[in-house]
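The values are calculated or read from the model by the stated rules, or taken from the named source; none is laboratory data. From a predicted model like this one, the values you see are computed outputs, not experimental measurements. As a convention, Cβ positions derive from the backbone with ideal geometry for all residues, glycine included, and neighbour counts pool all protein chains shown. The area values use the complete protein model at the heavy-atom level, side chains included, leaving out ligands, DNA and RNA. Shrake-Rupley method; radii C 1.70, N 1.55, O 1.52, S 1.80 Å.
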Amino acid sequence: MTNVQVLIAIVLLQQGFFGLVWLGAAWLRLARRPALHWGATTLLLAAGMALLIERDAIGPWAGRALPYVVNVLAFAVARRGIQRFARLRVTDAEHAGVVALTAAAVVASVAGVVDPAVARVAGTAGMAWSLLRGGAELVRGLRREFGALAAWACSVPLWLIAALLALRGASPLWSGHRAGLPLTVDTGVNVALMFAFIALGMMLNAGLCAMVVLRLVRRLQHLSRHDALTGVLNRRGLELALQVEHERLRRYGRPYALVAVDIDSFKRINDTHGHAAGDAVLAGLADTLRGSCRELDRVARTGGEEFCVLLPEADLGAAERAARRLLGEVRARRFDVADGSLRVTVSLGVVVADDRDESPDALWRRVDRALYAAKDGGRDRAVLAAAGASAPQPLAA
């Protein structure tokens with residue numbers, strides 16, 4: 001085997017390896033649909049390389065026509081996987097058109113209808129088009145999720161491969177060979193191209209793997225800080241947000257407020273209408289709380305039927321207004337359940353953190369005291385526990 005053929009065999013093995021990696025990722029349901037696309041891409045590229053190695057033994061149709069078509073199809077599938085991963089519109093008509101035009105040009109070239117150079121131009125153009133468009137879609141779809149630097153870093157190998165393919169397609173201009181020297185010919189240019197393809201293939205697959213893993217990590221972080229039923233923060237997520245606001249209070253003296261929310265007679269809802277109805281009420285209340293809060297406020301589910309709203313940059317007046325608004329929103333809503341609809345009420349405990357020396361634990365004790373006072377006072381009301389006050393005070397409804 002020549003040096004170029006050895007390098008082509010290495011590319012074949014490399015693509016086969018990454019194909020197994022992506023199929024394994026799909027089996028583990030890690031970005032399943034994009035992984036299936038990229039696994040198919042690498043296996044198709046490996047098949048194309050195998051056809052190149054055996055082109056002299058298998059004849060002109062399989063050895064010259066099929067590699068172009070297979071490789072163009074591979075990059076079209078890769079771009080479709082990028083679109084799925086980046087959550088962009090899938091352009092199947094465009095993919096099919098690129099593959100069909102390439103196949104028509106290659107078949108016509110091998111059949112002697114058109115110049116052999118047409119096959120090279122069509123194949124190169126088809127692959128480069130999918131790569132260039134796929135790189136642009138990676139940047140557009142992923143820069144908001146992963147940042148511009150990561151999106152561009154993952155896209156650059158696609159563009160470099162496209163540039164190498166364009167360089168390869170233009171090789172008749174300097175090689176003197178009308179159809180271009182075959183990639184299997186042992187020349188310095190072909191050796192350099194194969195080394196570049198090996199390096200860029202490694203970079204591209206590694207970058208895509210990193211994106212998949214990073215998305216998984218972020219998903220796990222989200223699940224660790226959010227309640228699965230309602231989608232709002234869980235207790236841990238709220239405590240992390242509360243820590244940030246407490247540090248802001250200590251450093252800059254900016255107050256914040258906490259409003260504890262407890263659904264009145266929630267056990268009766270479960271006993272009368274079933275646990276599915278109870279879940280519907282919990283999810284509906286979370287939506288109500290989110291809808292009545294500012295964008296910077298944080299809603300959390302801290303227990304079974306208990307919620308909490310963190311109000312950054314809120315003084316006593318802002319906390320009182322927020323509590324009255326929450327009471328009114330909940331009273332006005334009807335919660336749809338399987339056997340009809342029902343109304344619920346909530347009890348609120350309100351505290352304002354404006355003392356730099358008060359610990360978060362002390363604040364939690366204060367908000368619990370206010371919530372218990374609201375429930376003991378008859379429910380469907382808000383009670384304020386001011387710092388230093390001897391007893392919580394009801395707020396006007």
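Assorted remarks:
- Spin-label pair A318/R365, simplified geometry with 7 Å Cα→Cβ offset, distance in nm: 2.7 nm
- Near the amide H of A382, within less than 5 Å, lie the amide hydrogens of L348, L395, all on another chain or at least 5 residues away, with H placed in the peptide plane.
- Of E306, E295, E145, the one that fluctuates the most in a GNM where the chain has Cα springs shorter than 10 Å: E295
- For the stretch 16-29, putting each phi into the Karplus relation 6.51 cos²θ - 1.76 cosθ + 1.60 with θ = phi - 60° gives couplings of x, 4, 5, x, 5, 4, 5, 5, x, 4, 5, 4, 7, 6 Hz, in residue order, rounded to whole numbers and with x for Gly and Pro.
- What you get for the chain, charging only the Cβ of Lys and Arg (+1) and of Asp and Glu (-1), is a dipole of about 440 debye around the Cα centre.
- For the chain, accessible area per residue (1.4 Å probe, heavy atoms of protein chains only), Å²: 49 Å²
- In this simple spin-label approximation, E239 and R29 carry label points 7 Å from Cα along the Cα→Cβ vector, and these lie 2.9 nm apart.
- Remark: the V113-S224 segment gains 33.7 nm on full extension, using 0.36 nm per residue and subtracting the alpha carbon distance.
- Taking the 1.4 Å solvent-accessible surface of the stretch 1-45 as the whole, the part contributed by carbon and sulfur is 71%.
- Shape of the stretch 227-331, Cα gyration tensor, a/c cut at 1.5: prolate
- Spread over its residues, the convex hull of the C-alpha atoms of the chain is 182 Å³ per residue.
- When only Cα pairs below 8 angstrom with a gap of at least 6 residues are kept, the chain shows a relative contact order of 11 percent.
- When every Cα-Cα distance of the stretch 1-137 is counted in 10 angstrom steps from zero, the calculated P(r) takes the values 13, 38, 35, 13, 1 percent.
- Rolling a 1.4 angstrom probe over the stretch 281-397 with all protein chains present gives an accessible area of which 45% lies on carbon and sulfur atoms.
- Prolate/oblate/rounded call for the stretch 89-163, Cα gyration tensor, a/c under 1.5 rounded: oblate
- Taking Lys and Arg as +1 and Asp and Glu as -1, the other residues whose beta-carbon sits under 13 Å from that of A283 total -2.
- 3J(HN,Hα) along the stretch 79-95: 5, 4, x, 4, 4, 5, 5, 7, 6, 10, 5, 7, 9, 5, 4, 5, 4 Hz, from the Karplus curve 6.51 cos²θ - 1.76 cosθ + 1.60 with θ = phi - 60°, whole Hz, x for Gly and Pro.
- Spin-label model, K267 to V217: label points 7 Å out along the Cα-to-beta-carbon direction sit 4.5 nm apart.
- Test item: Cα-centred dipole of the stretch 3-112, Lys/Arg +1 and Asp/Glu -1 on Cβ, debye: 560 debye
- A helix-only calculation puts the chain at -22500 deg cm²/dmol for mean residue ellipticity at 222 nm, using -39500 (n - 2.57) for each DSSP H run of at least four residues, averaged over all residues.
- Per-residue ³J(HN,Hα) for the stretch 318-335, Karplus 6.51 cos²θ - 1.76 cosθ + 1.60, θ = phi - 60°, Hz, x for Gly and Pro: 5, 5, 5, 4, 4, 5, 5, 5, 5, 4, x, 5, 5, 4, 7, 8, 9, 9
- Förster-model FRET efficiency, 35 Å R0, A206 and A96, C-beta, rounded to 0.05: 0.75
- Top of G237, G274, G39 by mean-square fluctuation, Gaussian network on the chain, Cα under 10 Å: G274
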